[in-house]
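Just below is one structure, and these are the notes that go with it.
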Amino acid sequence: MAINIDQVYKTVLVVLEQQKRGVITPVEFNKIAAQAQQEVFTQYFDELNQTLRLPQTSLAYADRMALLDEKISLFKVQETVNAISGSIVLDDNVQELGYVAYNDREAQRIQKIDLYTTNQSPLTAPTEYYPVYIYELNKITLYPPINGNVDVSYLKFPANPKWGFTIDPNLGNYIYNPISSVDFEVHQSDQPLLIDKILGYAGVMTKDQFAMQLSMQKEQQINTDSQK
């Protein structure tokens with residue numbers, strides 16, 4: 001379930017108002033919200049690496065792995081795309097490519113430097129039954145040059161959040177517009193962490209060291225609690 005960006009923005013404004021720290025305009029908020037979400041997303045993989053180092057016999061390990069898998073699964077994409085002469089161009093939001101399959105058979109990924117030797121050997125030359133592919137700059141190139149449907153899986157980056165708005169012609173204030181808005185895509189349980197990161201950046205932007213320190217303390221406490 002996505003995190004509603006309007007709720008997050010309003011929470012940030014309330015905290016800053018209570019502390020008499022000024023306001024953040026929607027344009028400023030959208031910029032730091034994108035950075036904060038990216039940090040939370042990257043943290044999933046850092047936590048995964050740390051969890052994999054823990055003893056795998058504990059119940060805590062299983063719980064953490066299940067939660068991390070749930071968080072990362074939000075960004076797993078499986079789709080069928082059309083290959084034209086063996087060429088498939090993916091979106092720019094691909095973080096990591098998973099598998100590429102044709103006719104229910106997974107294609108083998110090779111490096112471009114190995115393409116010549118792979119094609120030259122009768123034992124390793126690719127066929128439609130055993131295809132290979134090269135992946136560079138979000139482009140998949142299949143060998144032999146296949147035409148048709150290809151199954152692809154990958155991890156995607158979260159879309160940049162956006163608090164969309166219109167301006168009241170009489171009062172000049174910002175009015176939330178859900179149609180032009182983009183919610184946060186990270187896991188719902190990370191909403192407090194997301195807010196604290198945004199508050200931290202708000203402290204930096206306004207040169208408010210108190211707000212920044214308060215945010216860092218809250219974030220550290222959340223991270224500590226999550227490790228228990």
Of Leu59, Leu16, Leu52, the only residue that is closer than 23 Å to Gly172 by Cα and at pLDDT below 90 is Leu16
Kindly check whether there is at least one residue in the range 145-164 that is surrounded by fewer than 14 Cβ atoms within 10 Å (Cβ to Cβ), farther than 30 Å from Ile179 by Cα and of a type in the set (Val, Ile, Thr). no
Taking the condition of being open to solvent by less than 60 Å² (accessible area, probe 1.4 Å) and within 25 Å of Asn82 (Cα to Cα), how many residues in the range 104-126 meet it? 6
If you check Ile146 against the conditions, is it among the aliphatic types (A, V, I, L, M), in contact with an Asp or Glu (Cβ under 8 Å, 6 or more places away or on another chain) and at pLDDT below 95? yes
Do any strands (runs of 3 or more DSSP E) lying entirely in the range 104-170 carry at least 3 residues that are over 28 Å from Asp69 (Cβ atoms), and which ones are they? 132-136, 139-143, 165-167
How many residues are open to solvent by less than 70 Å² (accessible area, probe 1.4 Å), farther than 26 Å from Asn160 by Cβ and not in a strand (DSSP E or B) if we restrict to the range 78-103? 1
Any idea which residue in the range 7-40 is most open to solvent (accessible area, probe 1.4 Å), counting only those that are of a type in the set (Asp, Glu) and more than 19 Å from Ser189 (Cβ to Cβ)? Glu17
Residue check, Asp168 within 23 Å of Leu13 (Cα to Cα), at pLDDT below 95 and acidic (Asp, Glu): yes
Among Ala66, Ala107, Ala125, Ala34, which is the only one that is within 30 Å of Tyr201 (Cα to Cα) and hydrophobic (A, V, I, L, M, F, W, C)? Ala34
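The values are calculated or read from the model by the stated rules, or taken from the named source; none is laboratory data. In this text the structure is predicted, and so the values were computed from the model without any measurement. A quick note on method: Cβ atoms are made from the backbone with ideal geometry, for glycine too, and the neighbour counts reach across all protein chains shown. Accessible surface areas use protein heavy atoms only, side chains included; no ligands, DNA or RNA. Shrake-Rupley method; radii C 1.70, N 1.55, O 1.52, S 1.80 Å.
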